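Working notes, beginning with the structure itself.
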There are 4 protein chains.
Amino acid sequence: MSGSTFGRSFRVTTFGESHGKAIGCIIDGCPAGLALSEADLTPFMERRRPGQSSFTTGRKEADEAEILSGVFEGRTTGTPISLLIRNKDMHSKDYDDLKDLYRPGHADYTFEAKYGIRDHRGGGRSSGRETAARVAAGAVASKLLGEFGITVRAYTESIGPHAISSFDPDEKNDLYMPDKEAYEKASAYVRELMEQCDSAGGVISCIIHNVPAGLGEPVFDKLSADLAKACMSIGAVKGFEIGDGFQAALSKGSCNNDPFFIKDGSIAKKTNHAGGLLGGISDGSDIIIRCAVKPTASIASTQHTVNRMGDETTLNIKGRHDPVIVPRAVVVVESMAAITIADALMVNMSSRLDRMKEFYN
Amino acid sequence: MSGSTFGRSFRVTTFGESHGKAIGCIIDGCPAGLALSEADLTPFMERRRPGQSSFTTGRKEADEAEILSGVFEGRTTGTPISLLIRNKDMHSKDYDDLKDLYRPGHADYTFEAKYGIRDHRGGGRSSGRETAARVAAGAVASKLLGEFGITVRAYTESIGPHAISSFDPDEKNDLYMPDKEAYEKASAYVRELMEQCDSAGGVISCIIHNVPAGLGEPVFDKLSADLAKACMSIGAVKGFEIGDGFQAALSKGSCNNDPFFIKDGSIAKKTNHAGGLLGGISDGSDIIIRCAVKPTASIASTQHTVNRMGDETTLNIKGRHDPVIVPRAVVVVESMAAITIADALMVNMSSRLDRMKEFYN
Amino acid sequence: MSGSTFGRSFRVTTFGESHGKAIGCIIDGCPAGLALSEADLTPFMERRRPGQSSFTTGRKEADEAEILSGVFEGRTTGTPISLLIRNKDMHSKDYDDLKDLYRPGHADYTFEAKYGIRDHRGGGRSSGRETAARVAAGAVASKLLGEFGITVRAYTESIGPHAISSFDPDEKNDLYMPDKEAYEKASAYVRELMEQCDSAGGVISCIIHNVPAGLGEPVFDKLSADLAKACMSIGAVKGFEIGDGFQAALSKGSCNNDPFFIKDGSIAKKTNHAGGLLGGISDGSDIIIRCAVKPTASIASTQHTVNRMGDETTLNIKGRHDPVIVPRAVVVVESMAAITIADALMVNMSSRLDRMKEFYN
Amino acid sequence: MSGSTFGRSFRVTTFGESHGKAIGCIIDGCPAGLALSEADLTPFMERRRPGQSSFTTGRKEADEAEILSGVFEGRTTGTPISLLIRNKDMHSKDYDDLKDLYRPGHADYTFEAKYGIRDHRGGGRSSGRETAARVAAGAVASKLLGEFGITVRAYTESIGPHAISSFDPDEKNDLYMPDKEAYEKASAYVRELMEQCDSAGGVISCIIHNVPAGLGEPVFDKLSADLAKACMSIGAVKGFEIGDGFQAALSKGSCNNDPFFIKDGSIAKKTNHAGGLLGGISDGSDIIIRCAVKPTASIASTQHTVNRMGDETTLNIKGRHDPVIVPRAVVVVESMAAITIADALMVNMSSRLDRMKEFYN
């Protein structure tokens, strides 16, 4: 069955394999009238693009997304926006040896179990490259959210055991880690692992600011549930939290409840343990989510595995791989969060008869 | 917009408020030929039912689910199965004082922000009582999975700081905690909090056994993503993990990758850090998920809050509330997991042309 | 797979068999704040109810729809509205002889081909009785549309060869045929067929008035396509037209195009061959649709058929059957049209960024 | 909201405007293992391509569909198949005069009412050119159906008043009309209308052969309802029939019911008034549908209309237009029917527990 579509009203469908001709997506349902050009996509694509730093794969992809439809004279028309990214720097031969092997930690075995056939080159459809299409769509969603003053910002909270202890918005580095001291420790840690032909994981945080109260649909389509699905659909993400997450399980009701009070004439909360949602619906405070990212599965050291013929064997992965994918996944988490919020913003509009009547009056 | 439906092929739509006439659900798409009667639902309903122990609300509900349709001569017919649970022991007056108040940790404020109106009695639609309909549907999904030898088993892993240190399948207690020592500590802990008019949270684990390899649809409808959505749609769940979850972020590729080997002629994995999925598709090993449950929001101690008129005030919650909802949520997690797997099992059938041709031959 | 749900934002899921315990539906997504009570459903249920006239089955069903959820203090709350209709006057024994027979014109054979099992009593799920749940939902949709000044009115255009030649809004009769002369001919025709143990078909027209321009989503979810699906999903409907329908195929562009002009300062069309839609999107003029209804399949005369064992045999249908179902189907067409328009009205709200910004400002 | 996706398991999402950079589609959910190359698409694209005969627009488009993803070493992999068709021979200047005009019979006015903006060049998204993407997807669906021995064949039944009186499978002509005599009359008729700067409509029939019994999901997703939606979503289609369609309304139950009998040991029907479906589910006999196509809205004679500024004016359409679109729409109807059946074939697989158990054994 089809599983490459996300969203109900702001609806993203992606396609493409790592070493195929192209990857891309169709965004169906984006409201008409949004100013949009390829230049809006570039900053997002740049953040995910390979070859940015010593911590990313040597694959060189310009990753320029071409807008094929849905934009006329600089504005969206309400019709499907098709975004196309041609694949260029593919070294498919690097994967010839892997044709019959199942790499540990990868989807080789499961794709073959499901489909009986797989494009083994670069991981095919299960490659992290697929996320480039998500990021292109995320750029559009973020532009749309900007029109409502909503911002979505993700960053690296930790790499392996090295977590940030403060948040410095001016700190810029190639791990997207907003704490210089933690960054230095983390980059030393990753470099050490690279020497050991090993890899690291980490945690990505994302803060969504200025979301109006009322988004999210009870009961199954809670905004928290949709954000969880959005993030857990990213290949390497193994855990998801909203607000205090697993810490909440250790807390008490008297501490975990966020008391309401009046701030500048409006309803606000003194704390935000809940992470911006109550009953799965946004309460107007910041939405705070966290994603656990596993260590890169592709490592250069020798691994034990099996092949399709059912023989045990060993494996040495060549090719070009990131020692840690966390920094490049930051913009992917941000993109999925933006798509989810954009969708919720549209879906929510018919919740009240009085507001519908105003709208159509 | 509608948000009360879960699943694509095994499709559950719930309805009902805590103090309305009834709650229930329609299961649309259940395969024809499954033996099913009300007796199959009872053991599941019993596990969630209030009034089982000193740790659950005093509300007395028989919670008998009536099958209204979709079953003929003891077997499902392929048509929608409608399940109805009448509400009986409602003390709606207990909630009169809350009519204009927004309870901290509850969805009162957000439902009103979204809809401009709310049924304040017992939390209305956002009440945990809504999960009774999920459990009725989960019982059907579990029965269906049983036909394929698939089992889904959830249990309490921890209450507050008290976690199990071993797993004793024979240990039966009212916290559904499979470790007698941990149970005793946890129950003392909860009793202490009750005296303090406070509440506890905890963690629920769920193991899904014997799932065939190949379930889950790339890329957005990964089985991990669907399980995350399923669990995070349960009111009090604030975090979700699959396999090693957040621990994976601290690990290294060389440790976190699960090596393949041949076991009894079949492909197997030496470890299961991934938790039963690779690339979001089941690999045939146990699927292992964990859910963080927040402390019950309804506590008897005085809390600060605001009312709809925008005044600050204090609140004392009367009514009947669980000091910890973890034990009753165990079967809810199990039910949502079962529904998700049942759906994935059906959806997966058209993945391969050769198998489709066999099917239609 | 599930097929008992219609609509995206105003979402109706029905359940129930002709001789099961009950039929009903869940409406998920209805906007909050709509005044609603059982009294709003009654006039719709009455129009479909059996036993109204000599042309309808003798089955006696009060067909009272009970609202189980989603309404609080007389208004919808935005949560699912569950409607329940208990079956009462069932003569299941009338169907004992049909258990192993496949009735011509009925779904007995195809349900069994699909599911391997069927509830043979009264047609089970394929019975026209299923439409009672649609009508209950249609009553809610019509009430909602009324808030926007939109009206939906269906009527009998013809029975067999007898068509109306004028439209008299004051003419009331049990065939719902707004032309007294045609009614008299049609009723004589039906009575004659009853004597011959035979049955009649007919055509139902439906006019939807005051729909704002802009409803319907290109390209697959055109409003015309959704209306077609809505109507063609009614058991006995075999044809669907919008505007001039099949007559348009005989016309010329110079005649069939509807010229625009300015009427009272607004854009209007001089003719309405298109039937209220251009490019599948409403243009503000009346939406006009027509449905062809086949003759009742259940006839009392002897028919040739086969049984499940694969033997040829003959069949005499007992039970209580309408000699023509057109009059009772009028309100079903009206209901499906109302549900479709209500859904389109909600779905359309996010089409323009400028209007979304106004909405959220 | 999004409306550019059709199907549940075999899921087609199209994009593109008449004068944009490209049109195309993503097919998500096609089973893995289907032999597929661009050569499979060409015969379908050729049948819809402009410039085939004197009856089609002079626009010259090679209409070569490029496969961007989802196919590896000549076979589908189960991942999304992206098909891209670049637009080439666009004369956008022909449309400059139409920028502010609303053409009668076109979607100019309604797109602007809905979106507040439109790409006026060549009709933008509402252009018949959009159907090229459907045809590319239809070619894939037809290839898939061929693996099951299912054939879908559409043809022109009538142009204006000239209908076929017999069916000659060997007759090949540029109106796709399988009756030489009718073809000659019809082509003379169209030529006459061309001289008068006018246009013609017609009827397309489609026969789907060898569909297994059991496809289609009760009650809203009947196969008849899905076929109706599929066909009515084609821009110029104004009417839809299955089997006897509107003729059934004139018939009697004794004539319209198709008696079952045993043919070569299998259940068959003596007649096929129903058109291959009972209760919306396929019965194994030929599925027969008919679509009414309106006359081309773009005619060269002077028409009255209004502009966006609200002034009445006249209009002379330049550009290149078909005097009758029926012949080019034949393959579009065939494509939409093939997509619908392919989807139903996949969706149906989980209807029975016994067959699911065989499948997973």
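Quick notes on this structure:
- For the stretch D:302-319, filtered to residues that are modelled with pLDDT of 90 or more and out of contact with any Ser or Thr (no Cβ under 9 Å at 6 or more places or on another chain), the residue that is least open to solvent (accessible area, probe 1.4 Å) is D:Asp311.
- Selection from the stretch D:149-162 of residues that are within 14 Å of chain C (Cβ to nearest Cβ) and within 20 Å of the chain's Cα centre (by Cα): D:Thr156, D:Glu157, D:Ser158, D:Ile159, D:Gly160
- Set side by side, the residues A:Gly116, A:Gly146 differ, and just one is facing chain B (nearest Cβ under 8 Å), without any contact (Cβ under 8 Å) to a residue 60 or more places away in the chain and open to solvent by 30 Å² or more (accessible area, probe 1.4 Å), which is A:Gly116.
- Filter result for C:Thr42 (at negative phi, open to solvent by 20 Å² or more (accessible area, probe 1.4 Å) and hydroxyl-bearing (Ser, Thr, Tyr)): yes
- Against the numbered list (1) open to solvent by 10 Å² or more (accessible area, probe 1.4 Å); (2) under 17 Å from C:Phe111 (Cα atoms); (3) more than 7 Å from chain C (Cβ to nearest Cβ), D:Gly275 comes up short only at (1).
- Every test in (1) at pLDDT 95 or above; (2) under 15 Å from the mean Cα position of the chain (by Cα) is passed by C:Leu145 save one, and that test is (2).
- Members of the stretch B:236-255 found to be part of a loop (DSSP other than H, G, I, E, B) and facing chain A (nearest Cβ under 7 Å), listed by number: B:Gly243, B:Asp244, B:Ser251
- Answer residue from the stretch B:72-100, given it is surrounded by 24 or more Cβ atoms within 10 Å (Cβ to Cβ) and not in a loop (DSSP other than H, G, I, E, B) and is farthest from the other protein chains (Cβ to nearest Cβ) among those: B:Leu83
- Of everything listed in (1) over 26 Å from the mean Cα position of the chain (by Cα); (2) more than 9 Å from chain A (Cβ to nearest Cβ); (3) open to solvent by less than 10 Å² (accessible area, probe 1.4 Å), the single unmet condition for C:Met336 is (1).
- Count - residues of the stretch D:156-169 that are touching a Gly at 6+ places or on another chain (Cβ under 8 Å) and assigned to a loop (DSSP other than H, G, I, E, B): 1
- Whichever residue in the stretch A:1-14 is within 19 Å of D:Thr79 (Cβ to Cβ), touching a residue at least 40 places away in the same chain (Cβ under 8 Å) and open to solvent by less than 10 Å² (accessible area, probe 1.4 Å) and, among such residues, is farthest from the other protein chains (Cβ to nearest Cβ): A:Val12
- Of all residues in the stretch A:58-71 being closer than 23 Å to C:Asn348 by Cα and at the interface with chain D (Cβ under 8 Å from one of its Cβ atoms), the one that is surrounded by the fewest Cβ atoms within 10 Å (Cβ to Cβ): A:Ser69
- Residue check for A:Ala182: closer than 30 Å to A:Asn87 by Cβ and modelled with pLDDT of 95 or more: no
- Here D:Val331 meets each of (1) within 22 Å of the chain's Cα centre (by Cα); (2) open to solvent by less than 10 Å² (accessible area, probe 1.4 Å); (3) closer than 30 Å to C:Ala249 by Cα; (4) within 8 Å of another protein chain (Cβ to nearest Cβ) with one exception, condition (4).
- In the condition set (1) surrounded by 24 or more Cβ atoms within 10 Å (Cβ to Cβ); (2) more than 10 Å from chain C (Cβ to nearest Cβ); (3) more than 20 Å from the chain's Cα centre (by Cα), D:Ile208 is compliant with all but (3).
- Test: residue in the stretch D:152-160 that is out of contact with any Ser or Thr (no Cβ under 7 Å at 6 or more places or on another chain), more than 22 Å from C:Asn256 (Cα to Cα) and open to solvent by 40 Å² or more (accessible area, probe 1.4 Å): yes
- Which numbered condition C:Gly239 misses (of (1) of a type in the set (Gly, Ala, Ser); (2) in contact (Cβ under 8 Å) with a residue 12 or more places away in the chain; (3) open to solvent by 10 Å² or more (accessible area, probe 1.4 Å)): (3)
- Between D:Asp258, D:Asp322, D:Asp343, the distinction of being open to solvent by less than 30 Å² (accessible area, probe 1.4 Å), in contact with a Phe, Trp or Tyr (Cβ under 7 Å, 6 or more places away or on another chain) and part of a loop (DSSP other than H, G, I, E, B) belongs to D:Asp322 only.
- Count of the stretch B:273-289 residues which are assigned to a strand (DSSP E or B) and within 14 Å of B:Ile341 (Cβ to Cβ): 6
- Note on the stretch C:15-35: residues that are more than 21 Å from C:Gly124 (Cβ to Cβ), open to solvent by less than 10 Å² (accessible area, probe 1.4 Å) and not β-branched (Val, Ile, Thr) total 6.
- Comparison of A:Lys172, A:Lys185 shows that the only residue that is free of Cβ contacts under 8 Å to residues at least 60 places away in the same chain and either open to solvent by less than 30 Å² (accessible area, probe 1.4 Å) or in a loop (DSSP other than H, G, I, E, B) (or both) is A:Lys172.
Residues checked against (1) within 22 Å of A:Met336 (Cβ to Cβ); (2) of a type in the set (Val, Ile, Thr):
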site	(1), (2)
A:Ser37	no, no
A:Glu46	yes, no
A:Ser53	no, no
A:Thr56	yes, yes
A:Leu68	no, no
A:Leu83	yes, no
A:Lys88	no, no
A:His91	no, no
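- Residue within the stretch C:31-47 that is within 23 Å of the chain's Cα centre (by Cα) and within 14 Å of chain D (Cβ to nearest Cβ) present: no
- Only a single criterion out of (1) without any contact (Cβ under 8 Å) to a residue 40 or more places away in the chain; (2) surrounded by 23 or more Cβ atoms within 10 Å (Cβ to Cβ) is not satisfied by B:Ser165, namely (2).
- Any chance C:Leu193 is over 22 Å from the mean Cα position of the chain (by Cα), within 26 Å of C:Glu130 (Cβ to Cβ) and within 8 Å of chain D (Cβ to nearest Cβ): yes
- Taken together, the criteria exclude C:Gly253 from residues that are touching a helix residue (DSSP H, G or I) at 6+ places or on another chain (Cβ under 9 Å) and in contact (Cβ under 8 Å) with a residue 12 or more places away in the chain.
- Of the residues making up the stretch B:311-361, just one is free of Cβ contacts under 8 Å to residues at least 40 places away in the same chain, of a type in the set (Ser, Thr, Tyr) and closer than 24 Å to B:Thr13 by Cβ, namely B:Ser350.
The values are calculated or read from the model by the stated rules, or taken from the named source; none is laboratory data. Quantities reported herein were computed from a predicted structural model and do not represent experimental measurements. For neighbour counting, all protein chains shown are included, and Cβ atoms are generated from backbone atoms with ideal geometry for every residue, glycine included. Accessible surface is based on the protein model in full, side chains and every heavy atom, while ligands, DNA and RNA are left aside. Shrake-Rupley method; radii C 1.70, N 1.55, O 1.52, S 1.80 Å.
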